[in-house]
Amino acid sequence: MSISSYPMADTATMLRRNLRHALRYPGLSLGALGMPVIMMLLFGLIFGDTFAAGLGGGNGFDYLDFLTPGILLMSIASGTMSPAVGAAMDMSEGIVARFRTMAIFRPAVLTGHVLGNVLLTIVSLALVIGFAVLIGFRPNASAGEWILAAGLMIAVTVSLTWFAIALGLTSKTPEGASNIVLPISLLLPFLSNTFIPLESMPSGIRWFAEYQPFTAIIDTLRHLLLGAPMDSGTGWLALAWCLAIALVGYFWAQKSYNKGTAA
Amino acid sequence: MNSSSLAIDVAGLRKSYGDKLVLDGIDLKVAEGTIFSLLGPNGAGKTTAVQILSTLITADAGEIRVAGHDLHRDPEAVRAAIGVTGQFSAVDGLLTGEENLVMMADLHHLGRREARRRAAELLERFDLVEAGKKLAMTYSGGMKRRLDLAMTLVGNPRIIFLDEPTTGLDPRSRHSMWQLVRELVAGGVTVLLTTQYLEEADELADRIAVLDHGQLVAQGTPAELKRLAPGGHIRLRFTAPDQFAAAAQVLPSASRDDESLVLQVPNDGSVQSLRAVLARIDDARIEVDELTVHTPDLDDVFFAVTGQPATNHTDEKVTSR
Ligand SMILES: Nc1ncnc2c1ncn2[C@@H]1O[C@H](COP(=O)(O)OP(=O)(O)OP(=O)(O)O)[C@@H](O)[C@H]1O
Ligand SMILES: [Mg+2]
């Protein structure tokens with residue numbers, strides 16, 4: 001495979017295309033941005049007290065502090081749906097056939113989807129954090145810890161988005177893509193310590209939750225933002241998960257994209 | 001033909017989907033700066049051939065050179081030399097016409113100002129200036145087709161593939177599309193176009209290859225192909241049996257169909273020979289119900305080489321009552 005000499009320019013062109021699409025359907029983007037905020041307010045204000053009481057509130061346990069990092073991860077995960085569907089939709093349309101007959105940087109089309117989603121997710125995370133602080137979230141992170149936390153969240157976004165796109169491309173239709181991505185965008189966050197600590201889960205689910213990637217990532221985020229205690233290896237585990245998911249997602253997605261065309 | 005002046009050189013191209021053989025050993029040679037037409041009915045394999053030659057899908061076997069590059073070894077070099085307008089719309093419906101063109105210019109790295117200039121020029125040339133600010137998904141079929149071709153031209157490709165460029169266009173749009181193709185070739189571009197319309201291939205192509213069920217059943221210039229077909233004739237239809245019999249007598253060379261009262265008189269289609277036939281009919285005061293002049297065209301070729309009539313075509317050139 002020969003390499004185009006304009007990887008940056010081509011990727012930027014594809015990013016512009018995807019951002020334009022997002023602006024053309026503001027309803028869709030607003031939905032993607034609004035959902036996590038609603039989850040934040042719903043769990044934080046309405047169910048929060050009940051959960052907190054059940055989880056031994058009183059002895060210094062602040063449910064909102066516990067919840068917010070989980071909701072952040074959830075926003076990232078639910079945000080991967082739209083690039084996955086977008087990429088699958090692209091593949092069924094003529095314009096991508098055109099791109100594939102042009103001498104452009106091959107990974108650009110999908111990378112454009114990923115970068116577009118990273119930008120959208122950053123806005124969504126900022127909104128969630130804003131509303132969380134409004135209703136009482138009190139992180140005690142230093143500037144350095146904020147930067148690390150932001151870096152981790154972006155890394156998670158990049159890796160999950162690649163993975164979701166790879167899954168989405170296994171399906172021939174946008175509807176199929178949305179079904180196949182649903183488990184990671186919705187189910188995984190629930191089957192982790194997003195809403196309740198591991199100790200309070202039934203043993204089967206707990207075993208799964210303990211070893212799935214989200215848990216390590218949320219733990220690291222809680223540690224960075226709130227100084228929650230954490231095993232020293234957990235941060236590295238979180239990074240390793242991101243890297244592994246990103247690599248598998250990237251190569252799998254590119255392989256699907258190039259399938260059948262001249263190398 | 002010297003191989004260095006070939007824009008497209010294909011030998012033994014094969015492709016199957018599962019156990020369905022779609023292209024069964026195709027050889028094509030397209031000289032630079034010419035229009036080559038791949039003519040065939042639905043399912044003949046035209047789109048598959050274009051998709052392979054434009055690097056979109058891979059062949060199972062065959063030697064393919066496009067713009068002098070081995071397609072298998074260096075597809076990127078081929079991509080840099082070609083432009084493709086596929087059978088189905090390849091515009092981004094969520095972008096405006098102008099944005100589509102600017103996106104193409106960006107992908108050819110023309111630079112900002114040049115991109116805008118080029119987009120404006122193409123919108124003008126393809127009569128899309130007013131529509132340029134509207135989303136492409138709101139365009140009519142003909143407008144989409146024009147935008148599609150305009151997008152293909154942004155990078156000034158040397159070789160252009162057009163898969164059924166006029167299918168679904170009204171007669172006026174079709175003629176302007178033909179005009180555009182001719183202009184492109186006048187500028188030195190090589191065009192490979194597919195069509196189901198014999199008239200279109202006849203009108204545009206320097207060379208025609210007839211594709212049927214994945215095989216090339218004939219290849220040559222329009223004139224060469226027409227020589228494959230049986231000659232032209234005048235067809236005379238009568239309502240009265242006595243008139244029919246009388247005409248058969250004054251036109252002994254005619255072949256007669258007694259049931260439908262039709263005479264076919266061999267004829268080269270020239271005004272002189274037509275006048276001669278009419279004079280004989282007039283002299284005998286014979287009443288003809290309908291007269292049709294039939295010159296051999298690609299329909300006859302198609303029929304002669306595939307054994308099937310071509311689709312969507314009437315062969316009446318002149319009809320009088
Ligand atoms: N992706 C595919 N999978 C399976 N069969 C295919 C595929 N693409 C094409 N075919 C088959 O290959 C044959 C040739 O198809 P192709 O699209 O090349 O024909 P065509 O000449 O372009 O026809 P049309 O005039 O209808 O566009 C058809 O029988 C079609 O069913
Ligand atoms: Mg076709």
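The rows are residues; the columns are (1) touching a residue at least 12 places away in the same chain (Cβ under 8 Å); (2) buried (at least 24 other Cβ atoms within 10 Å of the Cβ).
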| site | (1), (2) |
| --- | --- |
| A:S78 | yes, no |
| A:P83 | yes, yes |
| A:E93 | no, no |
| A:V96 | yes, no |
| A:A103 | yes, no |
| A:P107 | yes, no |
| A:H113 | yes, yes |
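Somewhere in segment A:23-30, is a residue at pLDDT 90 or above and either away from chain B (no Cβ under 12 Å) or under 21 Å from A:A77 (Cβ atoms) (or both)?
No: segment A:23-30 contains no residue that is at pLDDT 90 or above and either away from chain B (no Cβ under 12 Å) or under 21 Å from A:A77 (Cβ atoms) (or both).
Go through segment B:15-41 and give me each residue that's touching a strand residue (DSSP E or B) at 6+ places or on another chain (Cβ under 6 Å) and within 7 Å of ligand 1 (Cβ to nearest atom).
B:V22, B:G40
Considering only segment A:103-120, state which residues are in a loop (DSSP other than H, G, I, E, B) and farther than 19 Å from B:V78 by Cβ.
Correct list: A:P107 only.
Tell me whether segment B:158-179 contains one or more residues that are within 12 Å of chain A (Cβ to nearest Cβ), surrounded by fewer than 21 Cβ atoms within 10 Å (Cβ to Cβ) and either in a helix (DSSP H, G or I) or more than 18 Å from the chain's Cα centre (by Cα) (or both).
No, every residue in segment B:158-179 fails to be within 12 Å of chain A (Cβ to nearest Cβ), surrounded by fewer than 21 Cβ atoms within 10 Å (Cβ to Cβ) and either in a helix (DSSP H, G or I) or more than 18 Å from the chain's Cα centre (by Cα) (or both).
When the residues of segment B:47-63 are filtered to those that are more than 10 Å from ligand 1 (Cβ to nearest atom) and either within 22 Å of the chain's Cα centre (by Cα) or buried (at least 24 other Cβ atoms within 10 Å of the Cβ) (or both), which remaining residue is farthest from the other protein chains (Cβ to nearest Cβ)?
Of everything passing the filter in segment B:47-63, B:L53 is farthest from the other protein chains (Cβ to nearest Cβ).
Would you confirm whether any residue within segment B:13-24 is within 16 Å of ligand 2 (Cβ to nearest atom), modelled with pLDDT under 95, buried (at least 16 other Cβ atoms within 10 Å of the Cβ) and assigned to a strand (DSSP E or B)?
No, segment B:13-24 contains no residue that is within 16 Å of ligand 2 (Cβ to nearest atom), modelled with pLDDT under 95, buried (at least 16 other Cβ atoms within 10 Å of the Cβ) and assigned to a strand (DSSP E or B).
For segment B:192-261, which strands (runs of 3 or more DSSP E) that fit wholly inside it have 3 or more residues that are within 13 Å of ligand 1 (Cβ to nearest atom) and more than 14 Å from chain A (Cβ to nearest Cβ)?
Qualifying strands (runs of 3 or more DSSP E): B:207-212.
Regarding segment B:86-98, can at least one residue be identified that is within 14 Å of chain A (Cβ to nearest Cβ) and in a helix (DSSP H, G or I)?
yes
When you check B:A44 against the structure, is it assigned by TED's automatic domain parsing to the domain that holds B:T194, among the aliphatic types (A, V, I, L, M) and within 16 Å of ligand 1 (Cβ to nearest atom), yes or no?
Criteria met by B:A44.
Right, B:A115: over 30 Å from B:A49 (Cβ atoms) and either within 16 Å of ligand 2 (Cβ to nearest atom) or of a type in the set (G, A, S) (or both) or not?
The answer is yes for B:A115.
Could you please let me know if B:D70 is surrounded by fewer than 24 Cβ atoms within 10 Å (Cβ to Cβ), touching a helix residue (DSSP H, G or I) at 6+ places or on another chain (Cβ under 9 Å), more than 7 Å from every other protein chain (Cβ to nearest Cβ) and among the acidic types (D, E)?
yes
The values are calculated or read from the model by the stated rules, or taken from the named source; none is laboratory data. Remember, it's a predicted structure, so these values are computed and weren't measured experimentally. Backbone-built Cβ (ideal geometry, glycine too); neighbour counts: all protein chains shown.
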